[in-house]
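Scroll down for the structure; my scribbles are underneath it.
Every read-out reported here was derived from the displayed coordinates using simple, explicitly stated rules and does not represent laboratory data. Just so it is clear, the structure is predicted and the values come from calculations on it, not from any experiment. In this analysis, Cβ positions are derived from the backbone assuming ideal geometry, glycine residues included, and neighbour counts consider all displayed protein chains.
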Amino acid sequence: MKNRQYITARRIVSWAKWFVQQEVTSGDICVDATVGNGNDTLFLAECTGRTGKVYGFDIQTTAIEKTRQKLNVAGLLDRVTLIQDSHAHLDMYLESGTVKTVMFNLGYLPGGNPSLITKPESTLQSLRVALKLLSNGGLITVASYRGHPGALEEFTKVNEFLSSLNPKEFKVLRLEPVNQEHIPPVLFVIQRHQ
Ligand SMILES: C[S@@+](CC[C@H](N)C(=O)[O-])C[C@H]1O[C@@H](n2cnc3c(N)ncnc32)[C@H](O)[C@@H]1O
């Protein structure tokens, strides 16, 4: 079978979307913490429907503008508020307990400046804040890479922090291929249980 789509060959980002689709329904409030080229923001805007709202964050003007254009072409710009600020400040724009999903795709803007990467300190700060924003059953997905300079340090800190969360309050999954030659990215999925 030449063209078979193996479920185990799915990319980590596609798994992140799959988890989000299990929980997000029309009318929900969702956050893309790293809009980049806007692919995840567009996906969230489709999931939340006409009555929902998506907040997209990025520190780079290029990322915000690319995403704005992408949403405009798709006719979904009115569902999204784009904010050029660090995701460490999520709580300046959103209220505790109101958000269904926060997606993080760490690393650098594909095709952009590879030195403008997510950094361990602000990533951890934003994860702390994002946990408080989640409604009951709400999810955070974190696609964490280990290949580019600085990535392994960030991954290690994220892994340590998420492993230390109280399991009565949050369940944390870690998904990764274990038999690849290169160092694959890891997906973390966190869900609030109360
Ligand atoms: C891997 S890209 C995101 C890809 C994106 N989700 C997509 O669908 O194309 C990572 C993005 O994180 C952004 N970033 C880096 N540090 C940030 C921070 N402190 N707050 C918000 N965004 C940040 C980068 O500018 C970059 O655009």
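A few points about this structure:
- Computed on the Cα atoms alone, the convex hull of the chain gives a volume of 135 cubic angstrom per residue.
- Exposure proxy shown here: for T141, T41, the number of other Cβ atoms within 10 Å sets the order, fewest to most, as T141, T41.
- Among the listed pairs K17/K168; K66/K132; K132/K157; K17/K53; K70/K100; K17/K171, those beyond 21 Å (Cα-Cα): K17/K168; K66/K132; K70/K100
- Size of electric dipole in the chain: Cβ of Lys, Arg +1 and of Asp, Glu -1, about Cα centre, debye, nearest 20: 560
- Toward the positive end of the charge dipole of the chain, with +1 on the Cβ of Lys and Arg and -1 on the Cβ of Asp and Glu, the farthest Cα among Q21, I64, N166 is that of Q21.
- Part-to-part distance (alpha-carbon centres) for segment 1-80 and segment 116-151, which is given in Å: 16
- Label positions at Q21 and S164, each projected 7 Å from the Cα along the C-beta direction, are separated by 3.6 nm.
- Spin-label model distance (nm) - E121 vs N136, 7 Å beyond Cα toward Cβ: 3.8
- In whole percents, the pair-distance distribution calculated for segment 84-194 from its alpha-carbon pairs, binned every 5 Å from zero, is 2, 11, 22, 24, 20, 12, 6, 2, 0.
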